[in-house]
1. Tell me, which residue of the range 41-57 that is crowded, with 16+ Cβ neighbours inside 10 Å and out of contact with any helix residue (DSSP H, G or I) (no Cβ under 8 Å at 6 or more places or on another chain) is nearest to residue 128 (Cα to Cα)?
2. For the range 4-18, what are the residues that are surrounded by 14 or more Cβ atoms within 10 Å (Cβ to Cβ) and not in a helix (DSSP H, G or I)?
3. Answer yes or no: is there a residue in the range 3-25 that is in contact with a helix residue (DSSP H, G or I) (Cβ under 6 Å, 6 or more places away or on another chain) and at pLDDT 95 or above.
4. Is there a residue being in contact with a helix residue (DSSP H, G or I) (Cβ under 7 Å, 6 or more places away or on another chain) and on the phi > 0 side of the Ramachandran plot anywhere in the range 121-135?
5. If I go through the range 84-98 residue by residue, how many of them are within 22 Å of residue 18 (Cα to Cα) and exposed (fewer than 12 other Cβ atoms within 10 Å of the Cβ)?
6. Which one of these is closer than 17 Å to residue 25 by Cα and loosely packed, with under 14 Cβ neighbours inside 10 Å: 127, 63, 105?
7. Can you find a residue that is part of a loop (DSSP other than H, G, I, E, B) and on the phi > 0 side of the Ramachandran plot anywhere in the range 34-43?
8. Please verify whether the range 60-69 includes one or more residues that are in contact with a strand residue (DSSP E or B) (Cβ under 7 Å, 6 or more places away or on another chain), in a helix (DSSP H, G or I) and free of Cβ contacts under 8 Å to residues at least 60 places away in the same chain.
C-alpha cells in the first residue's frame with residue numbers, strides 16, 4: 001500500500017478521487033510497454049478497472065501482473081503521479097461496483113452504451129494493488 005499522508009501521497013489521493021482517466025501500462029509478450037487510458041474507481045485500497053474480456057491488457061496481465069498507472073501531467077509537465085503495483089483479474093466478478101457506474105454515468109452514453117450494456121461489454125474486473133509511488 002502506498003502512503004497517502006506524504007505531500008506526494010496527498011497529491012496522488014486527490015488525483016485518485018478527482019480524475020476520470022488514468023493510464024494503465026501493461027507489458028506485451030515481447031516486453032513492449034503498452035499504455036492505455038482507462039476509466040477507474042479508487043476504493044481507498046485498490047484501483048478498480050473494467051475491461052472487455054478479449055482486451056490485450058488482460059492477456060498482458062495474465063502473463064505479467066506488474067503494472068503501472070499514471071495520470072496525465074499538467075500543461076507544464078508537472079503534477080506527475082506514477083503508481084506501480086500488481087494487477088489481478090477476476091473474470092467472474094460480482095456485479096459492477098455501483099460507485100464506478102455512478103462516476104461514469106454521464107460518460108457511458110458518449111461511447112454509445114447504456115450503464116447496462118457497458119456492464120455487459122466491460123465485464124472483466126481488474127484490481128490494481130498499489131505498491132510504490134513516485135512523481136513530483
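The values are calculated or read from the model by the stated rules, or taken from the named source; none is laboratory data. Predicted model only: the values in this text are computed from it and were never measured. Neighbour counts run over all protein chains shown; Cβ positions are idealised from the backbone, glycine included.
1. 46
2. Selection gives 4 alone.
3. no
4. yes
5. Selection size over the range 84-98: 1.
6. Going through 127, 63, 105 in turn, just one is closer than 17 Å to residue 25 by Cα and loosely packed, with under 14 Cβ neighbours inside 10 Å: 63.
7. no
8. yes
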